[in-house]
Structure formats: structure tokens, C-alpha cells
Amino acid sequence: MKIGLVGFAGSGKTTVFNTLTGLDAPVGYGGEVRLGTVRVPDERIDALSRIFKPKKTTYAEIVFCDIPGEHAAENKGLSRKALQQIADQEVLCLVVRAFPNPALDQAPDPLADLNAFHTECLLADLEAVERRLDRAKKVKPDALELAAFEMMGATLEDERPLRSVPASVLDREHLKGYTFLTDRPLMVVVNRSEDEAALPLPDPIAKRVAELDAAGLVLSASVEAEIAQMEPADQAAFLADLGLTESALSRFIRTAYGLLDLISFFTVGEDEVRAWPIRRGTKARPAAGKIHSDLERGFIRAEVTPYAAFMQYGSEHAARDAGKHMVEGKDYVVADGDILHIRFAV
Ligand SMILES: Nc1nc2c(ncn2[C@@H]2O[C@H](COP(=O)(O)OP(=O)(O)OP(=O)(O)O)[C@@H](O)[C@H]2O)c(=O)[nH]1
Ligand SMILES: [Mg+2]
């Protein structure tokens, strides 16, 4: 999963990036686009790995992309470069500043920043929709596609994000090849001073986040970034000092998985034990395609052992003898924790 950290200058994006990745990128003014990868901890993968002792164990990964804000005084918003960068991300994580930053003149106003970000994304999307509708006047397009774009235009005129339009109303097949920013899942991270780290999201922000079909999270990035550099044994005590029970990374991962409605299936063997994140509701055939496109193309069937059954009986074989093993076709909806073997022919 690719998550882009975006927001206005000095909101603490690089500090959040350091917190999440445990890296030590220089904070303060500008800098370049940076990537950092973290593993998604999963006890089930740990357990399967102890059993199979594979050559390789692969956890799900999140790649964080830290995108610097626009510092030029005349252009307070997001730069064109930043907009291009965020178009490349699967999830947008907006970092809004709720702490006084001595390098900036303005007092923190997280709600205003959230609204300003939403407006910039709306305008970028509206421009793209209008370009498409203009072109439609010259070349007669597919009627369904045209209707979809008209509906999108109306949604954006109404200042609503495209992500608020359900799949039953908007067929996203029409949108392949477009990168609509307001259609991306959005996480809003309110970055606070240390003494407010454990307070919940303020009501007006929580309300706005809900209106935008986004997910909200509070943290104090500068202290959590320090904690991320500590020995694991010391981390818990420092978190407790802040009134927190969980690291920013765990809360972040849980929020992102919830927002995307992600689950994991597993593949196991002597070579590799691996977690594969997919959206809940994904069918066996596209799930197989995550592993390799040949498995999707030549899909014959999926052999499924639920993780719980595997652990209860100790092996796939024993689970099969107990009738807990399933042979499923392409339309099987993969469940969280399924251990899959895909049979295929190309
Ligand atoms: N008090 C406090 N200071 C913070 C917090 N997060 C970041 N800072 C400070 O704010 C300043 C800017 O932080 P950065 O992480 O560099 O901000 P940024 O969003 O990456 O900035 P640009 O990349 O220039 O857009 C640094 O001096 C940080 O130490 C926080 O949670 N609390
Ligand atoms: Mg930065």
C-alpha cells in the first residue's frame, strides 16, 4: 500500500514520516520527496513462519511518501508538483498542524487547513471533469461515461468529494486512467503538541472529517518520532507517560486498514510465508492476480484453509481430514486469514 503524506508547509509531515518509519530524515523547511517502507505486524504470519520455517517471510508493507509543502509566500497552497505526487498514492494522508510552529507566522488552524486542502483537491478534479466534458462536445463519447462525468461534475460543484459517491452509483471502470484526488481514501492526521497528544479529535474536526468520508487520527509527531528511535523496551513506558497505550504506527495502520477495508490472505510453503492485503469482498480470481497475473489469467480453482482451522488441526492435511478445507471457484469471496493455494494453467 502506498500512503502519501501531504499538507501545507511546516505541518509536520517529515516528523510524522520519521515517527512511522523510524527513519531520521531532516525536518524543517522543504527537502525532497522521500520514501520509507514499514512492515505491517501480523501475529498470524509470525505463527505460520514458526511452523513452516520458510526461506523467506514476507509481511504486508506500507510505503510512505513524504511530500514537502509549498513554501513560496505567494503560493500558500499545494504546488503542482505536490498534486502530481499525491495523484500517485493509493491513500492520502493529510497532516494538519495543531501546534504552534515558531518558523511560521500563522497560529495553527487545523480545520481551515483541512478545508483548504479539500478545496484544492476539488478544483483539480473539477478541472479534469470539465476538460473531459469539453472534449465530449467535439468527439461523441460513450453515453454511460458521459453520464458518469456529468454526475461527478455535479458532486464536485456541490463541494462533495467523489469518494462519497458509492460504487453502486458511480462505476469506477469509467475512471481508469484518471487520477481524481477527491476519490482517494483520505486520512486526516491532526498533529498536536505533546501535552495534548492523548486528547480526542476536536468535535468540529471530527464532524468535518466524517462529512468528507475520511478517517481522523490525532498524534504528537515530534515526541512520537523520538519514541520511535528508542529501544522497544523503553517505548511502552514513554507512551504511557503521554497517556497512550499504542504507538502512532499501530494506530495509523489500524486506521488505514479500516479506511480501505483491507484484510489479508496468506500463502505458505517452505520457500515463503507471505501476507497479501486485499479489499474485503475481493473474489478468488482477482486475489490470485495479486500473487501473479498468470494465476489470475489461468485460474482454475482456489484451495482454501482458514487460518483458525489450520492452527486448530496443525496442518493443511489434518484440516482437510477434518473437513475444514475448501475447494472454491473464481467467485469465492476471500476471507481474512484464508490460506490459499491457487491451481492454474496458462
Ligand atoms: N511542538 C511540535 N513541533 C512539531 C511537531 N511536529 C513537527 N514539529 C516541528 O515543526 C517543524 C516542521 O516540521 P516538519 O516535519 O519538517 O514539517 P513538514 O510538514 O515536513 O514541512 P515541509 O516539508 O517544509 O512542508 C519542525 O521544527 C518540527 O520539529 C509536533 O507535533 N509538535
Ligand atoms: Mg518535510
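Worth a mention:
- Solvent exposure of the chain as accessible area per residue, Å², 1.4 Å probe: 51
- Span-like helix ranges in the chain, DSSP H, alpha carbon extent 27 angstrom or more, Kyte mean at least -0.5: 110-138
- Of the residues HIS325, VAL304, SER293, the one whose Cα sits farthest towards the positive end of the charge dipole of the range 285-346 is SER293 (charges of +1 on Lys and Arg Cβ, -1 on Asp and Glu Cβ, taken about the Cα centre).
- Beta bridges per DSSP with both ends in the range 251-345, % antiparallel, nearest 5: 95
- Selected from ASP183, ASP46, ASP125 as most flexible by GNM, with the chain as the system and alpha-carbon contacts under 10 Å: ASP46
- Links that overshoot a 29 Å alpha carbon limit, given the list LYS138/LYS176; LYS2/LYS137; LYS55/LYS176; LYS2/LYS176; LYS207/LYS290; LYS207/LYS330: LYS2/LYS137; LYS55/LYS176; LYS207/LYS290; LYS207/LYS330
- Computed over the range 1-155, the P(r) curve from all C-alpha pair distances, binned at 10 Å from the origin, holds 9, 29, 25, 19, 13, 4, 0 percent per bin.
- Gap separating the Cα centres of the range 145-223 and the range 304-318, nearest whole Å: 39
- Summed residue charge, Cβ within 13 Å of ILE86's Cβ, Lys/Arg positive, Asp/Glu negative: -2
- Computed from the alpha carbon positions, the gyration tensor of the chain leads to an equivalent ellipsoid with semi-axes of 37, 30, 16 Å, biggest first.
- Dipole moment magnitude, nearest 20 debye, the range 162-223 about Cα centre, only Lys, Arg, Asp, Glu C-beta charged: 220
- Residue with peak Gaussian network fluctuation, the chain [Cα springs, cutoff 10 Å], from SER315, SER264, SER222: SER315
- Solvent-accessible area of the chain (1.4 angstrom probe, protein heavy atoms only): carbon and sulfur portion equals 51 percent.
- In percent, rounded to a whole number, the relative contact order of the range 1-89 is 42, using alpha-carbon pairs under 8 Å and six or more apart.
- Bridges between two residues of the chain, per DSSP, are antiparallel at a rate of about 50%.
- For the range 222-346, the average shadow cast by the Cα convex hull is 10.4 nm², which is a quarter of the hull's surface.
- Charge sum, other residues only, whose C-beta stays under 9 Å from THR182's C-beta, Lys/Arg counted +1 and Asp/Glu -1: +1
- Most mobile listed residue (GLY12, GLY243, GLY69) in the chain, GNM with C-alpha springs under 10 Å: GLY243
The values are calculated or read from the model by the stated rules, or taken from the named source; none is laboratory data. Model, not experiment: these values are computed from the prediction. For neighbour counting, all protein chains shown are included, and Cβ atoms are generated from backbone atoms with ideal geometry for every residue, glycine included. For accessibility, only protein heavy atoms count, side chains too; no ligands or nucleic acids. Shrake-Rupley method; radii C 1.70, N 1.55, O 1.52, S 1.80 Å.
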